[in-house]
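K.L.:
Have a look at this one.
Throughout, read-outs are computed from the coordinates displayed, never taken from laboratory work. Everything quoted here is computed from the prediction, not taken from an experiment. Using ideal geometry, Cβ is built from the backbone for each residue, glycine included, and neighbour counts are taken over all protein chains shown.
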Amino acid sequence: MAKREALEAKGLRVLRGGKVILRDVDVTAHEGEVLGVLGPSGAGKSTLFRALVGERLPDAGTVRLGERDVTQWPLWKRAREGVGYIPQSPSVLWDLTVRENLVAFHRIVHGTDGKPEERAEAVGLDQRLDVRAGELSGGERRRLEFARATTGDPRVLVCDEPFSGIDPVGAARLGELLRARAAHGTAVLLADHHVEEALSVCTRAILLLDGAVAVSAAPDAFKEHPLVRGRYLGTFHPRVA
Ligand SMILES: Nc1ncnc2c1ncn2[C@@H]1O[C@H](COP(=O)(O)OP(=O)(O)OP(=O)(O)O)[C@@H](O)[C@H]1O
């Protein structure tokens, strides 16, 4: 049976400083899918993600969450309705502990403390609950952000460069968490320049070029696509055979 659409964006257009950054982008993410959104720096990946999660409303186009049109909804309202977001820049509260970070986010989005111990255990931070977020390693911080973003069992999880600044073991561990989340039915969207790690987790990938979707393919076909090789991976890319 075909998987249901969790998130559907149609004709998304974003302008910045008089420039068109996103050109009528259509993106659909299905339940249980890990969709890679890849492309060179400046292609518009973060801009697309910000429009999908409600951090920045688009200048044209629509965003649907399941059956609902959420185009005009702000970030907090989409979060409450099941959109988790790991932004590109670090977003933990540095002076608060792991536990306090989890509680603070749960209160803002859901109005209650939630279960920080369970959330921390799910991402292997149960021994770090009383450590300040500013003292965590890069990989631990990303897992805290993952725990926070998956509070409330989101239908959609948008991850902007989750593998940046973490070592291969940390990336593999985070990749497993993303895959497990998708197996649970969440639609995961993932942008990252760690192409090998990203494609090993993805079930499909799109190439964004100059603010438009240029390719959509399964990971193996994606790696071999002439536009992907020519415009993104280049001829020198020793980690992708
Ligand atoms: N606030 C802004 N004002 C003007 N231009 C902006 C603004 N934010 C982003 N841009 C431009 O929009 C384009 C897309 O940026 P975006 O950050 O979405 O790209 P990206 O694909 O995520 O890049 P990277 O892989 O480097 O993170 C770039 O040309 C960038 O300079």
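K.L.:
As a test of the formula, what do you get for the chain when each DSSP H run with n ≥ 4 contributes -39,500 (n - 2.57) and the sum is divided by the residue count, at 222 nm and rounded to the nearest 500 deg cm²/dmol?
P.N.:
-9000 deg cm²/dmol
K.L.:
Additional query: For ALA60, which sequence-distant residues (separation of 5 or more, or a different chain) have an amide H within less than 5 Å of its own amide H, given hydrogens modelled in the peptide plane?
P.N.:
Those lying under 5 Å, H to H, from ALA60 are ARG13.
K.L.:
Excluding same-chain residues fewer than 8 positions from LYS115, which lysines have a Cα within less than 22 Å of its Cα?
P.N.:
Filter leaves LYS77.
K.L.:
Continuing with this model, one more query. Nearest 10 degrees is fine. How inclined is helix 138-149 to the longest principal axis of the chain, computing both from alpha carbons?
P.N.:
Around 90 degrees separate the two axes.
K.L.:
I've got another one for you. For a quick check: sort TYR85, TYR232 by the number of other beta carbons within 10 angstrom, fewest at the front.
P.N.:
The fewest-first ordering by Cβ neighbours comes to TYR232, TYR85.
K.L.:
A further question on this structure: Percent relative contact order of the stretch 56-109, based on C-alpha pairs within less than 8 angstrom and at least six residues apart?
P.N.:
Here the relative contact order equals 23 percent.
K.L.:
OK, next. Relative contact order of the stretch 1-122, please, whole-number percent, based on alpha carbon pairs below 8 angstrom and at least 6 residues apart.
P.N.:
20 percent
K.L.:
Now a separate question. I'd like the orientation of helix 168-183 relative to the chain: the angle between its Cα long axis and the longest Cα principal axis, in ° from 0 to 90, rounded to 10.
P.N.:
So the inclination is approximately 90 degrees.
K.L.:
Could you please report the charge total around LYS19, scoring K, R as +1 and D, E as -1 over all other residues with beta-carbon less than 12 angstrom from its beta-carbon?
P.N.:
With Lys, Arg at +1 and Asp, Glu at -1, the net is +1.
K.L.:
Once the dipole of the stretch 1-150 is set up with Lys and Arg at +1 and Asp and Glu at -1 on Cβ about the Cα centre, which of LEU65, THR97, THR47 lies farthest towards its positive end?
P.N.:
Farthest towards the positive end: THR47.
K.L.:
Quick one: grab the alpha carbon gyration tensor of the stretch 93-224, order the square roots of its eigenvalues as a ≥ b ≥ c, and give me rounded if a/c is under 1.5, else prolate or oblate depending on whether a/b is larger than b/c.
P.N.:
prolate
K.L.:
Residue-wise, which Karplus ³J(HN,Hα) couplings in Hz belong to the stretch 123-132, taking 6.51 cos²θ - 1.76 cosθ + 1.60, θ = phi - 60°, and x for glycine or proline?
P.N.:
Per residue, the Karplus-derived 3J(HN,Hα) values read 10, x, 10, 5, 8, 10, 4, 9, 8, 5 Hz.
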